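Beneath this line is the structure, given in structure tokens, with notes to follow.
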Amino acid sequence: MTEATPLAATGRKGQVRASDFVGPGAESALGERIVGRVRQGKSVSVLGRADRPHTWSSTEDVARMLVVAGTDPRAWGRAWHVPSNEPLSQRQAIRDFARAAGVDQVRVGTLPPALLRGMGLVWPLMRELRETEYQFRDDFIMDSSAAQATFGLKPTPWEEVVAATVRPVTTGRVSR
């Protein structure tokens with residue numbers, strides 16, 4: 001999908017034109033549910049197919065793009081994609097997380113579609129995933145070259161994103 005792809009989403013989630021977020025504390029397919037288990041060297045189960053290429057957007061890069069989109073008149077009136085690194089499969093990203101966390105490679109399995117549908121009966125988040133599950137079943141590649149060229153933005157290097165993501169999230173609470 002490029003920034004010139006028509007804005008023709010059939011569902012409300014597709015209207016956002018965002019890829020999955022990755023970063024400290026991100027709520028996404030590669031969020032704490034996965035990262036927490038990787039830190040412990042435990043196996044993980046992912047959505048869709050583990051080996052399809054997928055674009056991942058750093059939460060910091062999302063914030064930078066939002067600031068530009070809201071303050072630079074050149075951004076107004078069209079779609080822009082968050083500057084993102086080259087697509088990686090979920091398996092490749094998890095391998096990188098494990099390496100950065102200093103653990104052995106973890107086993108990566110997949111959640112069966114029937115299980116997701118069943119979970120959706122009682123868990124609203126799983127019900128919502130039905131609209132975007134194609135992004136994990138098929139290749140999901142977003143091209144952000146127009147945003148990078150127009151605004152001079154570059155994605156945070158993948159190694160930095162990975163290191164920040166696997167660092168344990170702190171709550172900011174002070175214990176007494």
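Just so it is clear, none of the values below were taken in a lab; they were calculated from the coordinates. Just so it is clear, the structure is predicted and the values come from calculations on it, not from any experiment. Positions of Cβ are backbone-derived with ideal geometry, glycine not excepted, and every protein chain shown enters the neighbour counts.
Annotation: extensible slack from LEU153 through ARG78 equals 25.3 nm (criterion: 0.36 nm per residue apart, minus Cα-Cα distance). The fewest-to-most ranking of ARG127, ARG91 by surrounding Cβ atoms within 10 Å reads ARG127, ARG91.
Each of TRP56, TRP80 was scored by other Cβ atoms within 10 Å of its Cβ. Arranged with the fewest first, they read TRP80, TRP56.
In a DSSP loop and with at most 11 other Cβ atoms within 10 Å, the GluC sites (Glu not before Pro) in segment 24-97 are GLU27.
Here segment 17-165 is treated with +1 on each Lys and Arg Cβ and -1 on each Asp and Glu Cβ, and its dipole about the Cα centre works out to around 400 debye. State the label only: which of (i) 27; (ii) 59; (iii) 38 corresponds to percent of Cα pairs over 28 Å apart computed from the shown model? The listed entry that was calculated here is (i).
How big is the antiparallel share of DSSP beta bridges in the chain, given as a percent to the nearest 5? Close to 10 percent.
The modelled label-to-label distance between MET1 and ASP104, using points 7 Å beyond Cα along the C-beta direction, is 3.9 nm.
Counted by neighbouring Cβ atoms within 10 Å, the residues ASP104, ASP139, ASP96 run from fewest to most as ASP104, ASP139, ASP96.
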